[in-house]
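The values are calculated or read from the model by the stated rules, or taken from the named source; none is laboratory data. Being a predicted model, the structure only gives us computed values, none of them experimental. Neighbour counts run over all protein chains shown; Cβ positions are idealised from the backbone, glycine included. We work out accessible area using only protein heavy atoms, side chains counted, and drop any ligands, DNA or RNA first. Shrake-Rupley method; radii C 1.70, N 1.55, O 1.52, S 1.80 Å.
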Amino acid sequence: MMRDQIVTESKGESMAPTSRAPLGTAPLMSPVTRPSTVDLITVELRNAIYSGVLRVGSPLREIEIAGQLGVSRGPLREAAQRLVQEGLLTATPGRGLSVVRIGLDRVPALYEARRTVETAAARLAVAHASDTEVAAVRAAHDDLVAAGRSEDARRIGDADLNVHWTLVAASGNPWLLRYMTTLIVEVRVASFTVSGEYAVRKDSAEYHEDIVDRLEARDADGLVAAITANLDGAVERLLAPQAADVETLEEPQPAATMRLDPIESPGL
């Protein structure tokens, strides 16, 4: 984003987000270095879905959103179509566009896609990541440790996803990183769809420690196993939260009131 954050997929570099990115850095990644108005709107809408400002199942109100962002409806529609292609918005004949829902029946397939991307990235990272890139994953985990101390469910969830995103970034593969960017938003959408509360593991930092340790040890098979166990546990908790013997922290979903800040972009 122009005012608060421009993030690139190169080496996983990012600038700390401010008010425009209340829910972490991971899903805001954009492959552009000279963003157009449509690029900026796309990032803004993606972040609004991730944050819950645009709630699951809610219609995309073009006039209202264009007015809040300070853009015309043409580039907004083009940006929205990009998110349709990503699977974050859905088109219904006669009703227009709305934010997608990802129910329990689709959670296993969603996490299978995550597993495919993350384990492929893990093997690449073990083989090719620089010490600096590995250290970035450790730093992301340190942020997760700090988030855990706060017992703030949303902050923990953001830091959790950012560990995974930073690991994929360490692979050096921009396609995997692009897929991961969308998958992270879809994971948040699934969390909002299946429950009225956003819940995270209270021991999330400890639950991710083995992932970082295996990466630092350059243990590809061990890292793949750690990622697989981590994601399998997440699926179990989403599908049957009462059966999962895990202590969680919960936070209600964001209020329904929608407010997007104007973007700053050349050529508006």
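Distant-in-sequence amide contacts of Thr248, defined by a placed amide H-H separation under 5 Å and a gap of 5 or more residues or a different chain, comprise Lys202. Scalar couplings 3J(HN,Hα) for region 102-115, obtained by applying the Karplus form with A = 6.51, B = -1.76, C = 1.60 to θ = phi - 60°, are 10, x, 4, 5, 9, 4, x, 5, 4, 6, 5, 5, 4, 4 Hz; x denotes Gly and Pro. Ranking Thr90, Thr132 from most to least accessible surface, computed with a 1.4 Å probe over the protein chains only, gives Thr132, Thr90.
For region 82-90, 3J(HN,Hα) computed residue by residue from phi via the Karplus equation (6.51, -1.76, 1.60; θ = phi - 60°) reads 4, 6, 5, 5, 6, x, 8, 10, 10 Hz, glycine and proline entered as x.
Val107 sits among other residues whose Cβ lies under 13 Å from its own Cβ, and their net charge, with Lys and Arg +1 and Asp and Glu -1, is +1.
Working note: Karplus 6.51/-1.76/1.60 with θ = phi - 60° gives region 170-178 the couplings 5, 5, x, 9, x, 5, 4, 5, 5 Hz, where Gly and Pro are set to x. Given R₀ = 22 Å, FRET efficiency for Glu112-Ala244 by Cβ-Cβ distance, to 0.05? Here the calculated transfer efficiency is 0.70. May I ask for the net charge around Phe192, where only other residues with Cβ less than 12 Å from the Cβ of Phe192 are counted and Lys, Arg are +1 while Asp, Glu are -1? With Lys, Arg at +1 and Asp, Glu at -1, the net is +1.
Take the solvent-accessible surface of the protein heavy atoms, probe 1.4 Å, and return the percent of it on region 37-99 that carbon and sulfur atoms account for. Carbon and sulfur together cover 49 percent of it. Taking amide hydrogens as placed 1.01 Å from N in the peptide plane, the amide H of Arg101 sits under 5 Å from those of Gly57, each at least 5 positions away in sequence or on another chain. Under 5 Å between amide hydrogens, built in the peptide plane, is the criterion, and for Tyr198 it picks out Glu251, Gln253 among residues at least 5 positions away or on other chains. At R0 = 35 Å, how high is the FRET efficiency between Gln85 and Arg149 if r is their beta carbon distance? Nearest 0.05 is fine. Calculated transfer efficiency: 0.35.
Modelled spin-label separation between Thr228 and Arg73, with each label point placed 7 Å from Cα along the Cα-to-Cβ direction: 5.1 nm. In this label model, Glu251 and Asp213 are separated by 2.8 nm, measuring between points 7 Å along each Cα→Cβ vector. Projecting label points 7 angstrom from Cα along Cα→Cβ for Asp261 and Trp175 puts them 3.6 nm apart.
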